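Working notes for the structure below.
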Amino acid sequence: MTWLNLVAVPLLAKICLVGMFPLSAYDKVAHWDEAMGQARSGPLPFPSLLLILGILVEAVTPVLIVVGVFDRAAAFVLAGFCAVTALMYHPFWRFPDFWSKNGEGRTHFWDFFKNFGLVGGLLLVVIGGAYAPVVQVVAHPLANGPWAAASRSIPDNR
């Protein structure tokens with residue numbers, strides 16, 4: 001059961017969280033011109049350098065997170081990458097029709113919030129401590145956080 005609690009479930013969770021990034025890095029290499037066009041579309045200078053740095057971040061940090069080597073630092077860097085990407089390259093608010101069915105900004109709206117969803121998950125890797133055992137999660141599926149842990153840690157001495 002220890003293997004399931006401390007290895008299998010956390011490993012699967014981390015793979016699910018960061019698995020898309022190496023594929024995205026490969027896509028940027030395979031479709032360089034299209035990726036360069038997106039890099040140029042934002043307000044940041046030196047799009048070629050930014051694209052190369054982005055590819056490196058997307059290729060290296062997920063591996064570090066999954067294997068657990070400098071995983072907090074890697075998650076922090078990848079969270080920053082996702083936040084900057086959302087803010088600089090998916091500014092849905094600049095499109096007056098971002099909520100309409102065929103509005104150009106609609107894709108940016110969803111990409112923006114997906115990126116910040118990833119930021120949240122990555123920040124949990126940064127601040128996360130010990131993993132909760134699977135049996136504890138199953139026993140208390142709706143309880144999480146310090147208030148739940150405190151209520152479970154009080155022994156029943158009846």
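For ARG40 and TYR131, FRET efficiency with R0 = 35 Å and r from the beta-carbon atoms, rounded to 0.05?
On the way: r = 42 Å, r/R0 = 1.20.
Using R0 = 35 Å, I get an efficiency of 0.25.
Show me 22-35, 73-86, 51-64 ranked by packing, highest mean number of other Cβ atoms within 10 Å first.
Working: 22-35: 14.1, 73-86: 19.4, 51-64: 17.9.
Sorting 22-35, 73-86, 51-64 by mean packing, highest first, produces 73-86, 51-64, 22-35.
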### Summary
Farthest towards the positive end of the dipole of the chain, among ALA59, GLN38, GLY120 and with Cβ unit charges of +1 on Lys and Arg and -1 on Asp and Glu, lies the Cα of GLY120
### Task
Pop out the carbon and sulfur fraction of the accessible area of the chain as a percent, whole number, probe 1.4 Å.
70
### Task
Identify, among GLY68, THR85, TRP3, the residue whose Cα sits farthest towards the positive end of the charge dipole of the chain, taking +1 on the Cβ of Lys and Arg and -1 on the Cβ of Asp and Glu, with the dipole about the Cα centre.
TRP3
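Please compute, over every Cα-Cα pair in the chain, the percentage with a separation greater than 20 angstrom.
Working: 7486 of 12403 pairs.
Tail fraction, whole percent: 60.
Considering only protein heavy atoms, what per residue accessible area in square angstrom results for segment 43-99 with a 1.4 angstrom probe?
Numbers: 3240 Å² over 57 residues.
Result: 57 Å² of accessible area for each residue.
Return the calculated 222 nm mean residue ellipticity for the chain, to the nearest 500 deg cm²/dmol, obtained by summing -39500 (n - 2.57) across DSSP H runs with n ≥ 4 and dividing by the residue count. Walk me through the numbers on the way to the answer.
On the way: 8 runs with 109 residues, N = 158.
Per the formula, -22000 deg cm²/dmol.
The values are calculated or read from the model by the stated rules, or taken from the named source; none is laboratory data. All values reported here derive from a predicted model rather than from experimental measurement. Note that we place each Cβ from the backbone using ideal geometry, even for glycine, and neighbour counts take in every protein chain shown. SASA here: full protein model, heavy atoms, side chains in, ligands and nucleic acids out. Shrake-Rupley method; radii C 1.70, N 1.55, O 1.52, S 1.80 Å.
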